[in-house]
1. Over segment B:102-159, what is the relative contact order in whole percent, taking alpha-carbon pairs under 8 Å and six or more residues apart?
2. Mind sorting A:14, B:231 by how few other Cβ atoms lie within 10 Å of their own Cβ, fewest first?
3. Ranked highest first by the average count of other Cβ atoms within 10 Å around their residues, in what order do A:210-222, B:22-34 fall?
4. So, in Å, what gap is there between the alpha-carbon centers of segment B:104-132 and segment A:294-362?
5. Tell me the angle of helix A:297-332 to the major Cα principal axis of chain A, expressed in degrees between 0 and 90 and rounded to the nearest ten.
6. Could you give the nm distance between label points at residue A:329 and residue B:234, where each point is 7 Å from its Cα heading toward the beta carbon?
7. Assuming R0 = 22 Å, can you tell me the calculated FRET efficiency for the pair residue A:200 and residue A:97, based on Cβ-Cβ distance, to the nearest 0.05?
8. Figure the gain on full extension for residue B:92 and residue B:146 (residue separation times 0.36 nm, minus the Cα-Cα span) and round it to one decimal in nm.
């Protein structure tokens with residue numbers, strides 16, 4: 001079979017270049033946008049993804065990690081009764097007002113009270129063991145490197161949270177928060193920092209399972225009991241997704257992503273389809289001749305669609321190479337960018353969909369390839 | 001040299017048009033191009049339709065080849081009535097039975113001469129080897145054996161038209177239609193093209209119908225139909241063409 005579509009694409013590459021560039025930049029724009037949004041909003045699930053807990057227990061209706069309410073401490077024994085559970089620990093979230101030594105005014109901080117033991121689940125992936133051990137000290141806190149200027153402190157200095165004195169004993173990295181600053185301390189310190197007398201239980205209980213793959217089933221099993229007061233459960237994956245989605249759509253960023261995806265699709269498809277239409281028009285007499293010789297319109301359409309496919313694939317290749325380079329550059333400059341498989345797939349679907357729509361539009365101009373017009 | 005001439009006389013004409021009429025409407029203007037024309041074209045000979053531009057000869061070719069529908073009348077080609085076929089069936093008919101050569105060569109710039117010829121054969125359900133064999137034989141027949149790897153930009157006008165003829169010929173069609181095949185060529189190349197068409201008719205028993213206003217072609221045709229204002233003015237047979245036909249370079 002003579003590869004008409006590919007040979008034409010290679011021979012007349014200049015003709016197809018605008019379409020490939022349009023597809024490529026559409027893909028690149030979308031890729032970077034998704035990576036940025038995921039990077040920025042991914043930090044809202046850091047508490048979950050940076051920890052090794054498989055199941056989370058919290059107040060029913062909780063919309064994101066940062067908006068929890070206290071539950072009864074008795075729930076812990078209910079959770080521990082389940083044979084699949086290996087370990088349970090409380091996690092206390094306190095919203096605090098930070099007053100540092102520097103001239104910073106008040107800073108809104110998210111205090112995470114965690115088990116400072118060596119086997120602690122919370123932040124086990126984000127906090128080095130030596131730093132965690134230092135939290136055992138009363139009123140000791142760890143803050144993130146990215147927030148030092150904002151908090152106006154350095155290691156060894158003191159400040160107050162909600163009026164209680166704290167001392168910075170360590171500096172972590174990769175614990176950047178959205179809309180505030182993360183401060184880590186022990187469970188005991190966190191209880192002291194909480195000035196609301198109504199809060200007398202943990203905000204969450206986090207559990208490690210013997211078999212992490214059963215998180216969904218165990219979370220479902222633990223749900224629904226009311227004897228210990230209101231609570232509900234999530235698998236860690238579900239709760240992380242819940243938190244990210246809450247931020248994406250609560251802030252309007254999600255709508256922004258979808259809106260831009262639509263614009264990118266329209267602009268890309270407009271340029272690509274025009275280029276493909278011009279390419280079809282440039283060969284319309286040859287197509288008409290093939291049709292005169294009995295080559296069916298369906299076969300000619302396939303040629304146009306195949307060209308659209310290759311334009312999409314080549315544009316995608318260019319976007320991937322350039323995108324990876326830019327993402328590496330962003331990473332090296334501490335710009336939060338994250339790319340996961342679903343997001344990459346979404347980009348691929350968008351770009352190939354754009355190419356397909358353009359190909360279908362170009363196919364319509366094949367109607368001009370009427371062999372009778374060749375006879376004058 | 002004429003294996004087909006004996007059988008052609010006992011069978012009917014390969015192409016037969018019966019009382020065909022065709023008019024074109026442009027705004028308020030209605031132009032009757034063909035009016036009740038009846039015509040038979042025999043297999044195994046080169047029939048030339050000549051006449052001034054606008055006389056309806058190209059329209060007649062489009063109708064006889066099934067590219068255009070008639071307003072009234074009937075066209076029989078190889079025993080099928082073209083008016084009865086739907087567009088799909090017409091495409092299939094053209095694929096199986098007809099070849100075309102146009103005034104513009106209409107070759108894909110990206111393909112070599114060999115690929116131009118092979119491409120339509122791919123759609124005929126031939127095996128790859130058979131398609132390639134036919135493409136090679138056809139290009140050899142039009143004297144382009146040594147040029148078959150070249151793209152159109154590397155070929156002269158005459159060579160391009162020979163590629164176009166090879167593309168039509170490789171399908172081994174019973175009907176071959178040519179529309180002004182020499183008008184874009186100089187005398188020598190035009191001569192070569194008409195010789196090839198002539199030889200195809202005689203060697204393969206193909207019905208070759210050529211439309212041209214080029215007076216140089218008249219002497220090479222087996223039969224010349226002179227057309228004017230949608231009517232056939234004269235229908236002449238000439239035997240000079242056969243003896244004057246030159247060997248084709250290969």
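1. On the way: 38 pairs, mean separation 27.5, N = 58.
Computed value for segment B:102-159: 47 percent relative contact order.
2. On the way: A:14 7, B:231 14.
Ordered by Cβ neighbours within 10 Å, fewest first: A:14, B:231.
3. A:210-222, B:22-34
4. Rounded to whole Å, the Cα centres lie 31 Å apart.
5. Helix A:297-332 sits roughly 30 degrees off the main axis of chain A.
6. Output for this residue pair reads 7.9 nm.
7. Efficiency at R0 = 22 Å is approximately 0.60.
8. Taking 0.36 nm per residue and subtracting the Cα distance, the gain is 16.2 nm.
FYI, it's all coordinate maths here, none of it is from the lab. Computed from a predicted structure; not experimentally measured. When we count neighbours, we look across all protein chains shown, and the Cβ atoms used for this are built from the backbone with ideal geometry, even at glycine.
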